[in-house]
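Structure first, then comments.
Coordinate-derived values only; no laboratory data. Because the structure is predicted, anything quoted here is derived from the model rather than measured. All Cβ positions, glycine included, derive from the backbone under ideal geometry; neighbour counts span all protein chains shown.
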Amino acid sequence: MDIPWAKIHGAATHLPLALAGCSWLFDTAGFALARRPTGPQLNVVGYWTMLLAGLGTFPAVASGLLMTKGEVLGGDLILFHHLFVWPAFALLVGLATWRALVGATTTRRRAFGYYLTVGFMAAVLVAGAGYWGGEMLLAN
């Protein structure tokens, strides 16, 4: 492992990891409190945190690919890490794109309910990728 890329990758991964979960929490609270004045405000926070999480995945993935010299799957612990990374990356970019197109708030509760379900899956996948990334660090 090239140490500078490992440090950059470690720093870059914390942003999408934290923001994916935060976005889901804010949006879920906004969904539950939709009829109250704070509901739409919570969705605005969820909107911005999802956009930042989606954008934050690009430096995390790019630095990871540079660190592994382009290895997309690999073996051992890196394989487990990548089995979480790639679907999380796709979901976060897709969710951020959807939010950018739909906006911060939506009146379509069913569509937003689906969004929250996929957002939860993305947050779990990002956490799994972070777990296996940590296991790789501890193994070295």
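If the chain between V72 and A32 were fully stretched, how many nm would it gain, using 0.36 nm times the residue separation less the Cα-Cα distance? Don't jump to the answer; show the numbers that get you there.
On the way: separation 40, 0.36 × 40 = 14.40 nm, distance 3.87 nm.
Once the chain is fully extended between V72 and A32, it gains 10.5 nm.
For the chain, what does the relative contact order come out to in percent, with C-alpha contacts under 8 Å and a separation of six or more?
Taking the mean separation of contacting Cα pairs over the length of the chain, I get 32 percent.
Quick one: Cα centre-to-centre distance for the range 95-140 and the range 5-54, in angstrom?
After rounding, the separation between the Cα centres reads 9 Å.
Using +1 at the C-beta of Lys and Arg and -1 at the C-beta of Asp and Glu, which of G64, F31, F84 has the Cα lying farthest in the positive direction of the dipole of the chain?
Checked the options; the winner is F31.
Provide the three semi-axes, in whole Å and in decreasing order, of the ellipsoid equivalent to the chain as defined by the square roots of 5 times the Cα gyration tensor eigenvalues. If you can, show how the numbers build up before the last one.
Working: eigenvalues 195, 32, 29 Å².
Working through the eigenvalues yields semi-axes of 31, 13, 12 Å.
Summing -39500 (n - 2.57) over the DSSP H runs of n ≥ 4 in the chain and dividing by its residue number, what mean residue ellipticity at 222 nm do you reach, to the nearest 500 deg cm²/dmol?
On the way: 4 runs with 118 residues, N = 140.
It comes out at -30500 deg cm²/dmol, rounded to the nearest 500.
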